[in-house]
Amino acid sequence: MKLYNTRSRTKEEFVPLQEDQLRLYACGPTVYNYFHIGNARAFLFFDVVRRYFEYIGYKVTYVQNITDIDDKIIEQATEENQDFQEVAQKYAAAFLEDCAHLGIGAPTHQPRATQVMPEIIALIKKLVDTNHAYEVDGDVYFATTSLPEYGQLSGKKIDEQKTGARVAENMSKRHPADFTLWKASKPNEPFWSSPWGDGRPGWHTECVVMSQNYLGESFDIHGGGIDLVFPHHENENAQAMALSGKPLARYWMHNGFLNIDGEKMSKSLKNFFTARDILDEYDAEAIRFFFLSKHYRSPIDFTRELIVESDKAVDNFYKALEAFELDSLNVKEIRCPECLRLEEDFRSCMDDDFNTARAIAILFDLTRLAKNSESSAENRLDAARMLLKLGKVLGFFQHPETRLSKQMPDLSKALIELMLSYRTQARAEKNWAKSDQIRDDLKALGIEIKDGPTGSTWDQRN
RNA sequence: GGCGACAUAGCCAAGCGGUAAGGCAGAGGUCUGCAAAAUCUCCAUCCCCGGUUCAAAUCCGGGUGUCGCCUCCA
């Protein structure tokens, strides 16, 4: 298993801290708004990382934070004329809903920042006590100059950074790169009591606390979007290094950005679609396919046309599956040698820094095998089984029954079958006008008739 | 100014020194009363210029173009 480690900028052989166990942390949202389709890429990707490790036999402990106190939440609360907690609650609930809708499995632990306030304060206190942090008028800053390794993760040399150009200089800081650990509260702002007075945590510390709480002081993989490398992850790592001398995580994985028409999407540029909006319009599996069809580290350009294409592609998987009874597909043992070989290929793709694009190509190989009329019935069935099995590793086919069985009341089905029988009769009588009328009328209702050598079947089309 | 990524068919996209996966679209065949569906087949020499090598989309040098980070951000 090789994966690209941001820290070293190379693919490295993955060696877990403990055999067959993965301790994984991926940054979750700050809940001040609905998350957008770009965020969805990160959540979806690390969902696949988790699924794949489980598939190859790891016991995975997956932790994802929900940051529910932050300047932006306070701003949003002012805007919505609500308490910051109500805002955080609302968007945290929406986050969970949207993730479920996207087919993202629940993390093992999903702590919230406000639940670990004593631990956050204790951590900052330790940093102050060891001279890695200092207080100025109720604010506490991390002293980046106290840590020789600062900048290592992101490959930045702090002295070479442009300072003062786009960042207002903060005269209380000893060094421009120093970052806020604790922020004194202004009147009417939420606060927690601390040794430095009333205030709230800055960004970064909550992730250190929440990850270490569940995963230990140094764990296997830490992930998130590429933009988090600096400053967020650099600053998280700095705190961990300062405390224990060990990096927070040994492997750092970062997914590339999503662009809209070639331009960066971001909350501040306001050119974003929420995942919620896109989910209203398109199938979750189409969105998953769209993301996984490109390597996770590359930038990806979002267009509606590509989602539509993806949806058609996913359709082909289901067309291969629907020839078989669902119960017969869930058998564990698969014997067809070609299928087993493809499973090995699938693993070697995924073992190569999660090459999901190649992995998907293998799903299509299986699709073709499952439909190949020249191979034996057993082999076709096995191919469909393998397709289902490997597709699930990528998070597809979580509820195949809903897509495979036509989702409509039995009465409607019976009526369609009835119309179909009338048409079959008309065709037997060579009454083409009548049979074509039935076909066209049903099509207008979204029911497509497919004539085959063994008779006519129907499908619901959207 | 510092650091980094990318450039493959109409579109999306793999490829990591041995002669271009896969998907969408398109073309053709079979099937069909016709159509659809299904199925089979076909469809690129890899931004440009040099170099290394028996061999390069893949390595090196130089261009050109696009994008990102250095500021809240997945």
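The values are calculated or read from the model by the stated rules, or taken from the named source; none is laboratory data. None of the values given here were measured: they were computed from a predicted structure. Glycine gets a Cβ as well: all are built from the backbone with ideal geometry, and neighbour counts include every protein chain shown.
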List every residue pair whose Cβ atoms sit under 7 Å apart, with the two residues 6 or more apart in sequence or on different chains, where the first one lies in region A:383-399 and is on the phi < 0 side of the Ramachandran plot and the second, anywhere, is aromatic (Phe, Trp, Tyr) and part of a loop (DSSP other than H, G, I, E, B).
A:384/A:324; A:388/A:397; A:391/A:397
Taking the criterion of being more than 24 Å from residue A:116 (Cα to Cα), within 11 Å of RNA strand B (Cβ to nearest atom) and either touching a residue at least 60 places away in the same chain (Cβ under 8 Å) or not assigned by TED's automatic domain parsing to the domain that holds residue A:108 (or both), would at least one residue in region A:16-26 satisfy it?
no
Quick check on my filter: what residues within region A:393-411 are exposed (fewer than 14 other Cβ atoms within 10 Å of the Cβ) and in a helix (DSSP H, G or I)?
A:401, A:402, A:410, A:411
Give me the residue from region A:229-257 that is in a loop (DSSP other than H, G, I, E, B) and either on the phi < 0 side of the Ramachandran plot or in contact with a strand residue (DSSP E or B) (Cβ under 7 Å, 6 or more places away or on another chain) (or both) and, out of that set, nearest to RNA strand B (Cβ to nearest atom).
A:257
Helices (runs of 4 or more DSSP H) (entirely within region A:305-375) containing at least 1 residues that are under 13 Å from residue A:388 (Cβ atoms) and away from RNA strand B (no atom under 11 Å from the Cβ)
A:326-329, A:337-351
If you scan region A:270-297, which residues turn out to be at pLDDT 90 or above, crowded, with 21+ Cβ neighbours inside 10 Å and not in a helix (DSSP H, G or I)?
A:296
Would you pick out the residues in region A:427-442 that are surrounded by 13 or more Cβ atoms within 10 Å (Cβ to Cβ) and either modelled with pLDDT under 90 or more than 8 Å from RNA strand B (Cβ to nearest atom) (or both)?
A:431, A:434, A:437, A:438, A:442
Residue match in region A:415-422 (condition: surrounded by 12 or more Cβ atoms within 10 Å (Cβ to Cβ) and either under 21 Å from residue A:329 (Cβ atoms) or within 13 Å of RNA strand B (Cβ to nearest atom) (or both))
yes
Just the residues that are on the phi > 0 side of the Ramachandran plot and within 20 Å of the chain's Cα centre (by Cα), please, taken from region A:65-113.
A:103
Restricting to region A:174-190, name every residue that is in a strand (DSSP E or B) and either within 11 Å of RNA strand B (Cβ to nearest atom) or over 21 Å from residue A:76 (Cα atoms) (or both).
A:179, A:180, A:181
Among (1) of a type in the set (S, T, N, Q); (2) touching a helix residue (DSSP H, G or I) at 6+ places or on another chain (Cβ under 9 Å); (3) part of a helix (DSSP H, G or I), where does residue A:131 come up short?
(3)
Looking at A:226, A:300, A:260, A:221, which is the one that is within 30 Å of residue A:146 (Cβ to Cβ) and either surrounded by fewer than 21 Cβ atoms within 10 Å (Cβ to Cβ) or within 13 Å of RNA strand B (Cβ to nearest atom) (or both)?
A:226
Within region A:171-184, count every residue that is within 13 Å of residue A:140 (Cβ to Cβ) and surrounded by fewer than 16 Cβ atoms within 10 Å (Cβ to Cβ).
2
How about region A:306-357: which of its residues are β-branched (Val, Ile, Thr) and either assigned by TED's automatic domain parsing to the domain that holds residue A:45 or within 21 Å of the chain's Cα centre (by Cα) (or both)?
A:307, A:308, A:314, A:356
So residue A:93 passes all but one of these: (1) buried (at least 19 other Cβ atoms within 10 Å of the Cβ); (2) aliphatic (A, V, I, L, M); (3) more than 13 Å from RNA strand B (Cβ to nearest atom). Which condition number does it fail?
(1)
Restricting to region A:354-392, name every residue that is surrounded by fewer than 19 Cβ atoms within 10 Å (Cβ to Cβ) and under 30 Å from residue A:252 (Cα atoms).
A:355, A:357, A:358, A:361, A:392
Among the residues of region A:273-287, how many are under 15 Å from the mean Cα position of the chain (by Cα) and more than 11 Å from residue A:37 (Cα to Cα)?
3
Selection from region A:1-42 of residues that are surrounded by fewer than 17 Cβ atoms within 10 Å (Cβ to Cβ) and at negative phi:
A:2, A:8, A:10, A:11, A:12, A:13, A:15, A:17, A:18, A:19, A:21
Would you mention how many residues in region A:109-121 are part of a loop (DSSP other than H, G, I, E, B) and either out of contact with any Leu (no Cβ under 9 Å at 6 or more places or on another chain) or at pLDDT below 95 (or both)?
1
Scope region A:59-85; condition in contact with a strand residue (DSSP E or B) (Cβ under 9 Å, 6 or more places away or on another chain), surrounded by fewer than 19 Cβ atoms within 10 Å (Cβ to Cβ) and outside any strand (DSSP E or B); matching residues
A:71, A:72
